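The values are calculated or read from the model by the stated rules, or taken from the named source; none is laboratory data. These numbers come from a predicted model, not from an experiment. Virtual Cβ from ideal backbone geometry, glycine too; neighbours counted across all protein chains shown. All accessible areas refer to the heavy atoms of the entire protein, side chains included, with ligands and DNA or RNA removed. Shrake-Rupley method; radii C 1.70, N 1.55, O 1.52, S 1.80 Å.
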Amino acid sequence: MPDSTLTNLPAQPATKSTTLIIDVQQLTKRVTTSDGVLVIVNNAHFSVSAGEAVAIVGASGSGKSTLLGLMAGLDNPSEGKVLINGEDLFALSEDGRAKLRGRLVGFVFQSFQLLPSLTALENVMLPLELAGVADAESRAQAILQRVGLAARVKHYPKQLSGGEQQRVAIARAFVSEPKLLFADEPTGNLDAKTGKAMIELLFELNRERGTTLILVTHDLGLAARCNRRLVIDAGVIKAE
């Protein structure tokens, strides 16, 4: 994998294609509360092309993280469909959705979601090992070097800074070369300087590998770097 200096490259998304990687159709999520029925996502309908970078922006509680979870098949909708690479997520069983995510999808979370009992290398190897990839260790070593952590591969998460933990999380997300990457507030737990470096890294890998990025963020500066943005307000997509 090529080496790169993160701070010297502009964070520009890859050029999108006309092939749809995700198609959201009349997606709705309702929950019943003590105060009645709450509509969290209301009739969302949009599509994303392969290689595109799309930001989902909105205030806290607007429904953006719920929308992301539905798009990834981590939550079930009340109505509607999500097609990933032409496959209807909710026509699949739980195991079927998990297998599809294993083949096509990567995740980066605000809270990193690293396993504390595993080293950086072992955390990055894990999705490859679960998929039965023979050269899991060498691939994990290579992507950790790519994100600047070659000297930290044997360290556990508690021995790493927040920025280093997020680099491990990004390496884990990209190591299986997913077609689609979901990132939920990926800089939310980082200081401004470290967060900027993480965004540079995400867009560099997007450009190098053609991975489609869907980012949930409240950061309008980050959203402006994407090909386009979806604004969600009280569960409704207001504008693109």
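For the reader, a short list of remarks on this structure follows.
- So Ala72, is it out of contact with any His (no Cβ under 7 Å at 6 or more places or on another chain), free of Cβ contacts under 8 Å to residues at least 40 places away in the same chain, open to solvent by less than 50 Å² (accessible area, probe 1.4 Å) and closer than 26 Å to Glu164 by Cβ: no
- With respect to the conditions (1) at negative phi; (2) surrounded by fewer than 22 Cβ atoms within 10 Å (Cβ to Cβ); (3) at pLDDT 85 or above, Leu213 lacks only one, and its number is (2).
A quick yes/no check of all residues on (1) open to solvent by less than 10 Å² (accessible area, probe 1.4 Å); (2) at pLDDT 90 or above; (3) not in a loop (DSSP other than H, G, I, E, B):
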| residue | (1), (2), (3) |
| --- | --- |
| Gln12 | no, no, no |
| Val54 | yes, yes, yes |
| Ala59 | no, no, no |
| Thr66 | no, yes, yes |
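- Breaking point among (1) open to solvent by less than 60 Å² (accessible area, probe 1.4 Å); (2) under 17 Å from the mean Cα position of the chain (by Cα), for Lys179: (1)
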